[in-house]
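The values are calculated or read from the model by the stated rules, or taken from the named source; none is laboratory data. From a predicted model like this one, the values you see are computed outputs, not experimental measurements. Cβ: placed from backbone, ideal geometry, glycine included. Neighbour counts: every protein chain shown.
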Amino acid sequence: MRIPFLYRILKSPFDEGLKDHTEKVKECAWAFQQAMESLISGNGLSFENHKQEVIRIKSESDAIKRRVRGHLPGLGLLSMNKYQLLMYLKEEDKILDTIDRILGLLAGNSSTKIPDMMKKDIYLLVDTAIEPVEELSNLVIESGKYLKSYSEKQRTNIKKCANLLRQKKQEAAQIENSLIRKTFALETDPVSIFLMAKLIESIGSISLHAEHAGDMLQAMLS
């Protein structure tokens, strides 16, 4: 298929950092996973190191976001909604902010203790919650390829990635709901139960924001 003339003379946001920003979000999710593993295993030094890594990645992603925004005026001739692009970035920022907030809470609040009986469940939730972030990265890569070829094959790949992202988000939601029920069955004080439920909901929201970003990306492409 012929590549549209406008695409040859104008750069897409994928060329100007959108893919880089998503990769930073994925990198941050991995650092979060390692931080939680360190916390659950009782390695405080490793937890702090990964927490600082999250802060560094978040700062780097902000620089990439400013670069993407700086190139928005040049996208005027492309059939791409700038508002949707900004909303996409906003949803990715929510992933970064959520991870930063969770680690800050766990580092600074001694009341937020993960019961031994729930440690494996929490780590399972972390693993499942970041899978949609990884699939979002694949969706961005396939979308960038599609804008260069407009081929039916790439269009099919985008649909597959989007469907898999939603599926993984649903899996995370099921685990989140199960853990919330288990939390309210704990024999402990109400404050600990509330903080534990809040932690579970926050981890689960990572997958929700990834799904929202994927939806916004598809809307942008359409």
Answer residue from the range 196-222, given it is hydrophobic (A, V, I, L, M, F, W, C) and at pLDDT below 90 and is surrounded by the most Cβ atoms within 10 Å (Cβ to Cβ) among those: Met220
Among the residues listed as Asp121, Asp93, the single one being in contact (Cβ under 8 Å) with a residue 24 or more places away in the chain and either surrounded by fewer than 18 Cβ atoms within 10 Å (Cβ to Cβ) or over 19 Å from His212 (Cα atoms) (or both): Asp121
Residue match in the range 147-155 (condition: crowded, with 22+ Cβ neighbours inside 10 Å and modelled with pLDDT under 90): no
Looking only at the range 163-195, and only at residues there that are within 20 Å of Leu106 (Cβ to Cβ) and of a type in the set (S, T, N, Q), the one that is surrounded by the fewest Cβ atoms within 10 Å (Cβ to Cβ): Thr188
Filtered residues of the range 62-111 (kept if of a type in the set (Ser, Thr, Tyr) and at pLDDT 95 or above): Thr98
